[in-house]
Amino acid sequence: MVSSRTITIMALSVALGLFFVFMGTIKLTPRLSRDAYNEMRRAYKEYAKALPMLKKMGVTSILLRKITGTLEVACGIVLTLVPGRPKDVANFILLLVMLAVLFFHQLVGDPLKRYAHALVFGILLTCRLLIVRQVEEKDKEIPPTAAEVDGEAQPAHEQDRGKLKLS
């Protein structure tokens, strides 16, 4: 039987992955939405101006936008399609990208409505990581004893042994 946590992780992974593929594609090409693409170009120019050290390092607004977009698309694809540990790595990378985006928005003084999506999706990425962690910890618990497999309810934890379990 599939647990509700597993379903939650799968649903969050697919939804977040598709969102980041979409947003990354908008940063990379005007094919989906010319207006959104032009808005991204304008915003990244502001970000690059706000951090002059980027220019000293050779990072232009175009390069910054393309790196961010490529990371979002690649990690979104991994989050949507690839099973196992790579999803968690992609999730962590996207969380770092969202933190950088929030930093840039704060740096240029954008109002909350301009970066609310980054805040919400950062929280969702964090929730996904926390749920995955809970599932991993639950899986590491002591495996069921032979009596539990046979249907007799025995406590799995040492401190619970010897106590009566009421159902």
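Take the Kirkwood radius over Cα pairs of region 1-151, plug it into Stokes-Einstein at 10 °C and 1.306 mPa s, and you get 93 µm²/s for translational diffusion.
Once both labels are positioned 7 Å from their Cα atoms along Cα-to-Cβ, the gap between residue 126 and residue 82 label points is 2.5 nm. Counting Lys and Arg as +1 and Asp and Glu as -1 over every other residue whose Cβ lies under 14 Å from the Cβ of residue 42, the net charge comes to +3.
Place a label point 7 angstrom from the Cα of residue 55 along the Cα-to-Cβ direction, then list the residues of region 87-109 whose backbone nitrogen is under 17 Å away. It comes to 108, nothing else. Quantify, in whole percent, the carbon and sulfur part of the accessible surface of region 1-93 (1.4 Å probe; protein heavy atoms only). Here carbon and sulfur together make up 70 percent of the probe-accessible area. Please list, by residue number, everything in region 2-35 whose backbone N is under 20 Å from a paramagnetic label point 7 Å out along Cα→Cβ of residue 102. Counting backbone N atoms under 20 Å from the label point, the list is 12-13, 16-17, 19-21, 23-24. Over region 1-63, accessible surface divided per residue gives 66 Å², non-protein components excluded, 1.4 Å probe. 3J(HN,Hα) along region 76-86: x, 5, 4, 4, 7, 10, 8, x, x, 4, x Hz, from the Karplus curve 6.51 cos²θ - 1.76 cosθ + 1.60 with θ = phi - 60°, whole Hz, x for Gly and Pro.
Using the Cα centre as the reference, give the magnitude of the dipole from point charges on the C-beta atoms of region 23-135 (Lys, Arg: +1; Asp, Glu: -1; all else neutral), rounded to the nearest 20 debye.
260 debye
Label-to-label distance, residue 74 versus residue 31, with points set 7 angstrom from Cα along the beta-carbon direction: 1.9 nm.
The values are calculated or read from the model by the stated rules, or taken from the named source; none is laboratory data. In this text the structure is predicted, and so the values were computed from the model without any measurement. Note that we place each Cβ from the backbone using ideal geometry, even for glycine, and neighbour counts take in every protein chain shown. Surface areas here come from the heavy atoms of the whole protein model, side chains and all, with no ligands, DNA or RNA. Shrake-Rupley method; radii C 1.70, N 1.55, O 1.52, S 1.80 Å.
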